[in-house]
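This report refers to the structure that appears directly beneath it.
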């Protein structure tokens, strides 16, 4: 048997037969790709094209994370101890770095990015907000990778939440303030 779930402590706490455990991350990845492809197939072509940078970055990193989960599953099955919380902290940190880099390259669209009334109504707001949020996301990603290597696992959970939520919240606030400043002028 191989692990299929890890608890908050990073220890494996649920197991399945080898074939099932190895199929789970692969099937999950196939499902994610199928959903992305279906959305792109039925979404307006202009929206798909405008979201291409973000979509490619997200799919690339999600693929890497699922393959990383499969690798950790194999390593754990071989008796090599891997702390899944730390591994996922590193994976999410790298995801933030890659998505943060892609955000400024995206164009206003209804598929990927910070899609709010203020960003969708004004292309300049979209670009400024995504440049700002992308920078914050990359910084948060670096902080998270370092934290995943250094901080206790119990603290790492909170670091992951903060590093994901804070750049997005700051981006939303920034977008609203930009819109308010433009209305006032």
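If a residue has to be surrounded by 19 or more Cβ atoms within 10 Å (Cβ to Cβ) and over 21 Å from the mean Cα position of the chain (by Cα) to count, how many in the stretch 133-156 make the cut? Residues meeting the conditions: 0.
For the stretch 14-42, the candidate set comprises residues that are farther than 22 Å from residue 61 by Cα and surrounded by 12 or more Cβ atoms within 10 Å (Cβ to Cβ); within that set, the residue that is modelled with the lowest pLDDT is 18. Of the set (1) in contact (Cβ under 8 Å) with a residue 24 or more places away in the chain; (2) assigned to a helix (DSSP H, G or I); (3) surrounded by fewer than 18 Cβ atoms within 10 Å (Cβ to Cβ), all apply to residue 9 but (2). Residue check: residue 47 meets all listed conditions (1) touching a residue at least 12 places away in the same chain (Cβ under 8 Å); (2) more than 16 Å from the chain's Cα centre (by Cα); (3) under 30 Å from residue 17 (Cβ atoms); (4) surrounded by fewer than 19 Cβ atoms within 10 Å (Cβ to Cβ) but one, namely (3).
It is to be established whether one or more residues within the stretch 118-132 are touching a residue at least 12 places away in the same chain (Cβ under 8 Å), surrounded by fewer than 16 Cβ atoms within 10 Å (Cβ to Cβ), assigned to a helix (DSSP H, G or I) and within 15 Å of the chain's Cα centre (by Cα). No, every residue in the stretch 118-132 fails to be touching a residue at least 12 places away in the same chain (Cβ under 8 Å), surrounded by fewer than 16 Cβ atoms within 10 Å (Cβ to Cβ), assigned to a helix (DSSP H, G or I) and within 15 Å of the chain's Cα centre (by Cα). Would you confirm, using the coordinates I've provided, whether residue 73 is touching a residue at least 12 places away in the same chain (Cβ under 8 Å), touching a strand residue (DSSP E or B) at 6+ places or on another chain (Cβ under 7 Å), in a helix (DSSP H, G or I) and more than 26 Å from residue 181 (Cα to Cα)? Spelling it out, residue 73 is indeed touching a residue at least 12 places away in the same chain (Cβ under 8 Å), touching a strand residue (DSSP E or B) at 6+ places or on another chain (Cβ under 7 Å), in a helix (DSSP H, G or I) and more than 26 Å from residue 181 (Cα to Cα).
Residues that are farther than 18 Å from residue 147 by Cα and surrounded by 22 or more Cβ atoms within 10 Å (Cβ to Cβ) within the stretch 74-99 comprise just one, 99. Exactly one residue out of 39, 90 is touching a residue at least 12 places away in the same chain (Cβ under 8 Å), assigned to a helix (DSSP H, G or I) and under 27 Å from residue 120 (Cβ atoms): that is 39. Of note, residue 56 does not satisfy the criterion of being over 19 Å from residue 141 (Cβ atoms) and within 17 Å of the chain's Cα centre (by Cα).
Got at least one residue in the stretch 164-178 being under 25 Å from residue 85 (Cα atoms), surrounded by 17 or more Cβ atoms within 10 Å (Cβ to Cβ) and modelled with pLDDT of 95 or more?
yes
The values are calculated or read from the model by the stated rules, or taken from the named source; none is laboratory data. Being a predicted model, the structure only gives us computed values, none of them experimental. Quick reminder, even Gly has a Cβ in these numbers, built from the backbone with ideal geometry, and neighbours come from all protein chains shown.
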